[in-house]
Amino acid sequence: MTPLIEFAAEAEKKSAEVTDWAARLGWVAGLLLFIAFVYWLMRQGWKWRGSLQSDLPELPGAPEAPGEAKLTLSGRYHGSTTAGQWLDRIVAHGLGTRSRVELTLTEAGIEVVRPGANDFFIPAAALREARLDKGIAGKVLAEGGLLIVTWAHGEKLLDSGFRSDRAAEHAAWVEAINSMNHASTTEGTAR
């Protein structure tokens with residue numbers, strides 16, 4: 001056999017290279033550290049947004065006797081934003097937390113019960129309007145898929161987004177809220 005053929009036969013007999021586990025584990029550890037760092041940055045941003053919104057007063061609780069229920073709704077709460085700015089999420093007082101929701105409309109206002117999150121009450125005098133829309137706080141659905149309730153809290157107007165388990169209920173809520181006898185508003189001027 002010629003030396004060249006012997007060399008080729010010898011090269012074929014060599015086994016495949018063994019995986020370098022130390023390098024692979026180093027890459028995995030680095031990736032996990034990067035993911036943890038990004039999560040920490042997102043959490044810090046959430047806290048920072050909450051501190052910027054610290055001027056928002058505490059959320060009102062439901063009155064002792066809110067009255068007879070006009071409408072009820074079971075579904076999802078998708079968040080609250082500054083009115084008219086569907087991406088400016090409000091995170092203060094737990095308003096940024098998406099959750100299941102049970103809504104009850106009475107003459108006194110809207111009771112918002114959220115299992116696992118802060119419940120709150122929207123007094124009838126604070127209600128401004130209700131409408132159907134397709135998006136709020138980064139959540140986008142089909143046209144008319146969200147019930148948006150605009151209400152005053154402190155010095156701010158807020159939009160809160162809800163989606164019923166039965167979307168056909170949305171129209172009745174819009175009609176009922178808009179037909180309620182609201183206190184007249186003069187937004188941006190003294191009363």
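The values are calculated or read from the model by the stated rules, or taken from the named source; none is laboratory data. In this text, all values refer to a predicted model and were calculated from it rather than measured experimentally. Cβ atoms come from the backbone with ideal geometry, glycine included; neighbour counts cover every protein chain shown. We work out accessible area using only protein heavy atoms, side chains counted, and drop any ligands, DNA or RNA first. Shrake-Rupley method; radii C 1.70, N 1.55, O 1.52, S 1.80 Å.
Quick look at the values:
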{"read-out": "Using alpha-carbon coordinates, inclination of helix 3-13 to the longest axis of the chain, degrees", "value": "40 degrees"}
{"read-out": "Relative contact order (%) - criterion: Cα under 8 Å, at least six apart; region: the chain", "value": "19 percent"}
{"read-out": "Pairwise FRET efficiency - Phe37 versus Lys156, Cβ, R0 = 45 Å, nearest 0.05", "value": "0.85"}
{"read-out": "Kirkwood-Stokes translational diffusion coefficient of the stretch 47-160, alpha-carbon pairs, 10 °C, 1.306 mPa s, µm²/s", "value": "111 µm²/s"}
{"read-out": "Estimated [θ] at 222 nm from DSSP helical runs (n ≥ 4, -39500 (n - 2.57)) normalised by residues in the chain, nearest 500", "value": "-9500 deg cm²/dmol"}
{"read-out": "Theoretical FRET efficiency, 1/(1+(r/R0)^6), r = Cβ-Cβ of Asp165 and Leu59, R0 25 Å, to 0.05", "value": "0.55"}
{"read-out": "Stokes-Einstein D for the chain, Kirkwood Rh over Cα pairs, 4 °C, 1.567 mPa s (µm²/s)", "value": "65 µm²/s"}
{"read-out": "Per residue accessible area of the chain, 1.4 Å probe, in Å²", "value": "63 Å²"}
{"read-out": "C-alpha center-to-center spacing [the stretch 30-106, the stretch 140-168] in angstrom", "value": "12 Å"}
{"read-out": "Crossing angle, helix 21-52 versus the chain [Cα axis fit, 0-90 degrees, rounded to tens]", "value": "20 degrees"}
{"read-out": "Accessible carbon and sulfur surface of the chain relative to its total accessible area, %, 1.4 Å", "value": "59 percent"}
{"read-out": "Quotient of Cα Rg and 2.2 N^0.38 Å for the stretch 21-102, N being how many residues it contains", "value": "1.71"}
{"read-out": "Between 0 and 90°, nearest 10: helix 170-179 axis offset from the chain longest Cα axis", "value": "40 degrees"}
{"read-out": "Long-range amide H partners of Leu71 with built H, under 5 Å", "value": "Leu105"}
{"read-out": "Residue-level accessible surface for Thr19, protein heavy atoms, 1.4 Å, Å²", "value": "60 Å²"}
{"read-out": "Chain lengthening between Thr72 and Gln44 when straightened (0.36 nm per residue, less Cα-Cα)", "value": "6.4 nm"}
{"read-out": "Where trypsin sites (Lys or Arg not before Pro) fall in DSSP loop in the stretch 104-152, at most 15 other Cβ within 10 Å", "value": "Lys134"}
{"read-out": "Spherically averaged projected area in nm², based on the convex hull that wraps the Cα atoms of the stretch 31-74", "value": "6.2 nm²"}
{"read-out": "Long-range HN-HN contacts of Gly145 with modeled amide H, under 5 Å", "value": "Asp133"}
